[in-house]
Amino acid sequence: MHISLRQHELKLWCTIDVSLLFRTFFSECLLVNCRSASVNNSGLRLAGGSENRGRLEVYHNGEWRTVCDDAFSNADAAVFCRSMGTPYENAEAIASFGGGSGPIHMDEVNCDGQQFAMFCLNRGWGVNDCGHFEHVGSNCL
């Protein structure tokens, strides 16, 4: 089981040993192992650019896939940047970043600003009407 905790805008990925849950229920303690999220373990990355600027890619079912630029806004870019642990206060969406290949994973992305990027509304995993010239990029500032 994985849970996401946020303190001072630092994203943490935590694992809970469910076998310890029953044994520790009455003592109100639970072993939780947390590590700081990075681009590699957040399931998100910026490719084909620099550390804070590039084509947005999402890891799903064992492969990195791209995100379509349809309806992708600066507010959406901020959610993705924050989820990757990069600067996000002045994030920018870059339409038609290009350069990707393979399946397009997300289209018509709409984030409410509070959730982790993988939970933003979209047309459905792998459902899109995009071409490879429509890959979105983000500039995480």
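The values are calculated or read from the model by the stated rules, or taken from the named source; none is laboratory data. Since the model is a prediction, treat every value here as computed from it, not as a measurement. Glycine gets a Cβ as well: all are built from the backbone with ideal geometry, and neighbour counts include every protein chain shown. Keep in mind that these areas ignore ligands, DNA and RNA; they rest on the heavy atoms of the full protein, side chains included. Shrake-Rupley method; radii C 1.70, N 1.55, O 1.52, S 1.80 Å.
Within region 61-126, the GluC sites (Glu not before Pro) that combine a DSSP coil assignment with at most 13 other C-beta atoms in a 10 angstrom radius are GLU89.
The residues of region 45-139 expose, per residue, 45 Å² of accessible area to a 1.4 Å probe.
Apply the Debye scattering formula to region 45-139, with a single equal point scatterer on each alpha-carbon and no solvent, then give log10 I(q)/I(0) at q = 0.16 Å⁻¹. Scattering profile of region 45-139, log10 relative to I(0): -0.53. Computed from point charges on the beta carbon alone (+1 for Lys and Arg, -1 for Asp and Glu), the dipole magnitude for region 45-139 about its Cα centre is near 260 Debye. Under the simplified labelling scheme, the GLN115-ASN74 pair shows an inter-label distance of 2.4 nm, with each label point 7 Å from Cα along Cα→Cβ.
Sequence-ordered 3J(HN,Hα) estimates for region 59-71 from the Karplus curve with 6.51, -1.76 and 1.60 and θ = phi - 60° stand at 8, 8, 6, x, 8, 7, 10, 8, 10, 7, 7, 4, 6 Hz, glycine and proline given as x.
Using R₀ = 22 Å, calculate the FRET efficiency as 1/(1 + (r/R₀)^6) where r is the Cβ-Cβ separation of GLU89 and PHE133; round to 0.05.
Working: r = 29 Å, r/R0 = 1.33.
For R0 = 22 Å, the calculated efficiency reads 0.15.
Selection among ASN90, GLY124, GLY48 by position relative to the dipole of region 45-139 gives GLY48 as farthest towards the positive end (Cβ unit charges, Cα centre).
Computed over protein heavy atoms with a 1.4 Å probe, the carbon and sulfur contribution to the accessible area of region 45-139 reaches 46%. The 3J(HN,Hα) values that the Karplus relation (6.51, -1.76, 1.60; θ = phi - 60°) gives for region 110-118 are, in residue order, 9, 9, 8, x, 10, 7, 6, 3, 5 Hz. Gly and Pro appear as x.
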